[in-house]
Structure formats: C-alpha cells, structure tokens
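The values are calculated or read from the model by the stated rules, or taken from the named source; none is laboratory data. Given the structure is predicted, the values throughout are model-derived calculations rather than measurements. Neighbour counts run over all protein chains shown; Cβ positions are idealised from the backbone, glycine included. Accessible surface areas use protein heavy atoms only, side chains included; no ligands, DNA or RNA. Shrake-Rupley method; radii C 1.70, N 1.55, O 1.52, S 1.80 Å.
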Amino acid sequence: MREIKSLLTLLVLALCPGLGCSSDSRTPAEGTPEAAAEAAAPLPTIYFKDLAPFLPEKLEGFTHSGTEGSTGKYGEVSISEAERTFIRGEDREVKVRIVDTTLGGKIAKSIRAAAEDAKRKPESDPTAPIFWDAAVGFVRYDPSEVTAEANLLVGDRYVVAVTSRGFPGTVEVRRVARGIDLAGLARLR
C-alpha cells in the first residue's frame with residue numbers, strides 16, 4: 001500500500017526544486033574559510049531532539065514502531081523534523097511529524113489559505129478545518145487509499161502533520177492532534 005505523502009513534503013519540493021541535490025553552486029567549497037564559517041553557524045531551526053518531546057509517547061491501542069528525526073541544511077534551506085510511528089495490527093498506522101523549517105513562512109500561508117478556504121464547512125464535516133487556540137489547519141481524507149491527514153500550523157512556526165492509514169475517516173487524526181501539547185510547542189523558541 002502506498003504511504004501518504006504529507007502536504008509539507010509536497011510544499012517543500014514545490015517551493016525548493018533543488019532540494020536534495022548533492023551540490024549547490026552557491027555553497028562555499030569545502031575547506032574554505034567561508035565553508036568553515038557556514039558550518040559553525042547555528043541553524044535557524046530548532047534541533048530535532050528539542051521537537052521530539054512534543055511527539056506523543058504512546059497512543060492507546062497502538063504499538064510504538066519507531067521514532068526518527070533529523071536536522072539539516074540544504075543550500076539556504078534548513079529543516080528539522082521529528083516523527084513517531086504507531087501501528088495497530090497489520091493494517092492500521094498513525095504517524096505524527098513535527099517540522100521546523102526556514103520555508104515556514106510560505107508553508108504557513110498555504111496552510112492558513114487551505115483552512116480559510118474550508119471555513120464554510122460545518123464542524124460535523126470530517127474535512128472541516130481546524131481553528132484551535134494554538135493551531136490552525138486543514139484535514140483531508142482519501143477513501144480510495146483509506147488515508148487521512150491533518151496538517152496544522154502551530155505558533156505561526158511549526159508544522160504538525162498527523163497521518164493515518166486504515167481508518168474510515170478523520171476521527172483518529174483529529175483525536176491524536178488534540179492530544180499533542182500544541183500550546184507548549186507554540187512556545188518553543
């Protein structure tokens with residue numbers, strides 16, 4: 001079964017087409033004073049180990065199957081992400097990913113726009129947008145793939161993506177998102 005690709009992944013690739021390339025002509029050559037200064041400069045994102053405590057430790061009825069994280073700089077773009085995966089049986093999965101990136105401003109606009117576009121939907125609609133104190137976001141469901149995702153902008157900086165596979169709607173991603181300390185994450189600087 002095909003894994004969900006989060007909106008964040010698509011946005012990062014769309015907004016930064018050269019991301020993932022092995023070299024950047026704008027990057028100083030290795031061994032030069034400029035390269036040494038760039039390597040010593042702190043990243044403008046929160047280190048992934050500081051994001052990880054905001055991931056759920058456990059989900060009732062699920063088994064924790066893995067935690068991953070990374071912080072990196074790709075040309076002028078910095079990205080930190082922490083992700084935790086939970087499984088139930090062979091056919092149900094929930095992933096929670098927290099991302100901090102220098103592309104945050106562009107991604108924030110996209111998430112806010114998607115939430116505003118869906119604002120006319122009643123709260124009873126499974127794809128109604130999320131407008132919580134510490135977060136704004138949108139929810140999608142693909143019945144053909146039996147996948148759902150909630151993409152939240154938290155504290156005008158962080159993107160929290162909750163994805164599920166094998167659930168007949170968006171209830172699970174909303175429940176998991178509600179259980180995250182979004183207010184605490186919003187205060188993280």
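Could you run through segment 131-156 and say how many residues are among the polar types (S, T, N, Q) and either loosely packed, with under 13 Cβ neighbours inside 10 Å or assigned to a loop (DSSP other than H, G, I, E, B) (or both)? I'd like the intermediate steps shown before the answer.
So in segment 131-156, the residues among the polar types (S, T, N, Q) come out as 144, 147, 151.
Restricting the remaining residues to those that are either loosely packed, with under 13 Cβ neighbours inside 10 Å or assigned to a loop (DSSP other than H, G, I, E, B) (or both) gives 144.
Within segment 131-156, residues that are among the polar types (S, T, N, Q) and either loosely packed, with under 13 Cβ neighbours inside 10 Å or assigned to a loop (DSSP other than H, G, I, E, B) (or both) number 1.
Kindly provide the set of residues from segment 92-113 that are in contact (Cβ under 8 Å) with a residue 60 or more places away in the chain, farther than 23 Å from Lys58 by Cβ and not in a loop (DSSP other than H, G, I, E, B), ordered by number.
Selection gives Thr101, Lys106, Ile107, Ser110, Ile111.
Considering only segment 117-130, I want to know if a residue exists there that is assigned to a loop (DSSP other than H, G, I, E, B) and on the phi > 0 side of the Ramachandran plot.
Restricting attention to segment 117-130, the residues satisfying the condition of being assigned to a loop (DSSP other than H, G, I, E, B) are 118-129.
Retained after the next criterion (residues that are on the phi > 0 side of the Ramachandran plot): none.
Taking every residue of segment 117-130 in turn, none turns out to be assigned to a loop (DSSP other than H, G, I, E, B) and on the phi > 0 side of the Ramachandran plot.
Checking Glu60 against (1) in a strand (DSSP E or B); (2) within 23 Å of Val176 (Cα to Cα); (3) modelled with pLDDT under 95, only one condition comes out false. Which one?
It fails just one condition, (1).
Looking at Ser78, Ser124, which is the one that is small (Gly, Ala, Ser) and touching a Ser or Thr at 6+ places or on another chain (Cβ under 7 Å)? Before the answer, list the steps.
Working: Ser124 fails: touching a Ser or Thr at 6+ places or on another chain (Cβ under 7 Å).
That would be Ser78, the only listed residue that is small (Gly, Ala, Ser) and touching a Ser or Thr at 6+ places or on another chain (Cβ under 7 Å).
What tally of residues in segment 64-118 results from selecting those that are open to solvent by less than 40 Å² (accessible area, probe 1.4 Å), closer than 19 Å to Arg175 by Cα and among the hydrophobic types (A, V, I, L, M, F, W, C)?
5
Within the set of pairs 6 or more residues apart or between chains, which connect a residue that is of a type outside the set (Phe, Trp, Tyr) inside segment 163-176 to a residue that is assigned to a helix (DSSP H, G or I) with Cβ atoms less than 7 Å apart?
Thr163/Val173; Ser164/Glu172; Ser164/Val173
If we keep just the residues of segment 44-100 that are touching a helix residue (DSSP H, G or I) at 6+ places or on another chain (Cβ under 8 Å) and of a type in the set (Asp, Glu), which is nearest to Gly184 (Cα to Cα)?
Among those that are touching a helix residue (DSSP H, G or I) at 6+ places or on another chain (Cβ under 8 Å) and of a type in the set (Asp, Glu), it is Asp100.
Looking only at segment 163-174, decide whether some residue is surrounded by fewer than 18 Cβ atoms within 10 Å (Cβ to Cβ) and among the β-branched types (Val, Ile, Thr).
The answer is yes; a qualifying residue exists.
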